[in-house]
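Laboratory data are not the source of any read-out in this text; all were calculated from the coordinates shown. From a predicted model like this one, the values you see are computed outputs, not experimental measurements. Glycine gets a Cβ as well: all are built from the backbone with ideal geometry, and neighbour counts include every protein chain shown.
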């Protein structure tokens, strides 16, 4: 029987940040807020709850529900800008921080565009991300490379969630910003050498027996 579980768009960003975080949230239903996530929640609520409006030939649709069965994706978009004359549209994502050096935010935005393409049978060539910390909007082109990377993350996330397995912790500097830090406890689990210690004791005993 084919898997019909739809992956939340948010899971893609969680996976791109840390597969363990993704599994904890979406398989184990673990969640904890910190001041970073709380600010993000407030920002998204402010944007999502705004009413649709039109200005200068552009319609602004907020809190848009999307679903792409062929990709196995579902979610809600912060904002979709629609050209009233042509029907062309693109997603706009709001982030509390500033542009990142990696492609995490770009992948999430590209996945949103893929959902719009499937739902509306159109081509979406670009999108935008507005960063609260810099108060600046960045346009993102959906290149072949970005689309390919996004499809790879979608497939990797699907495999992880279907496996119902949670990857082992691996402590990195970025762990300090994770709201699940205390639940994950990456420093403790990553540096836990008890299993190796016990194995070494048994191996030492075996070596002594063999030498007799």
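How big is region 132-175 by the Kirkwood estimate over distinct Cα pairs, in Å?
Values: mean 1/r = 0.0723 Å⁻¹.
When all Cα pairs of region 132-175 are included, the Kirkwood radius is 13.8 Å.
Could you calculate the FRET efficiency of residue 88 with residue 65 from 1/(1 + (r/R0)^6), where r is the beta carbon distance between them and R0 is 25 Å, rounded to 0.05?
Details: r = 20 Å, r/R0 = 0.80.
Once rounded, the FRET efficiency stands at 0.80.
Tell me, what is the FRET efficiency for residue 164 and residue 100 to the nearest 0.05, using R0 = 25 angstrom and their Cβ-Cβ distance as r? It would help to have the intermediate numbers written out before the result.
On the way: r = 29 Å, r/R0 = 1.17.
Approximately 0.30, to the nearest 0.05.
Of 17, 90, 144, how do they rank once you tally other Cβ atoms within 10 Å and put the fewest first? Walk me through the intermediate numbers first.
Numbers: 17 16, 90 22, 144 7.
With the sparsest Cβ surroundings first, the list reads 144, 17, 90.
Under the 0.36 nm per residue contour assumption, what length would be gained going from the current alpha-carbon distance of residue 156 and residue 173 to full extension?
Values: separation 17, 0.36 × 17 = 6.12 nm, distance 2.30 nm.
So the chain would gain 3.8 nm between residue 156 and residue 173.
Estimate the FRET efficiency between residue 81 and residue 133 by the formula 1/(1 + (r/R0)^6), using the beta-carbon distance for r and 30 Å for R0, to the nearest 0.05. All intermediate terms of the calculation are to be shown ahead of the outcome.
Details: r = 22 Å, r/R0 = 0.73.
That gives a FRET efficiency of 0.85.
Could you sort the peptides 119-128, 75-84 by per-residue average Cβ neighbour count (10 Å cutoff), highest mean leading?
Highest-to-lowest ranking by the protection proxy: 75-84, 119-128.
Can you tell me how much longer the chain between residue 145 and residue 126 gets when fully stretched, taken as 0.36 nm per residue apart minus their C-alpha distance, in nm with one decimal?
5.5 nm
In what sequence, highest mean first, do 105-111, 94-100 appear when ranked by Cβ atoms within 10 angstrom? Spell out each step's value before the answer.
Working: 105-111: 24.6, 94-100: 15.4.
Ranked by mean Cβ neighbours within 10 Å, highest first: 105-111, 94-100.
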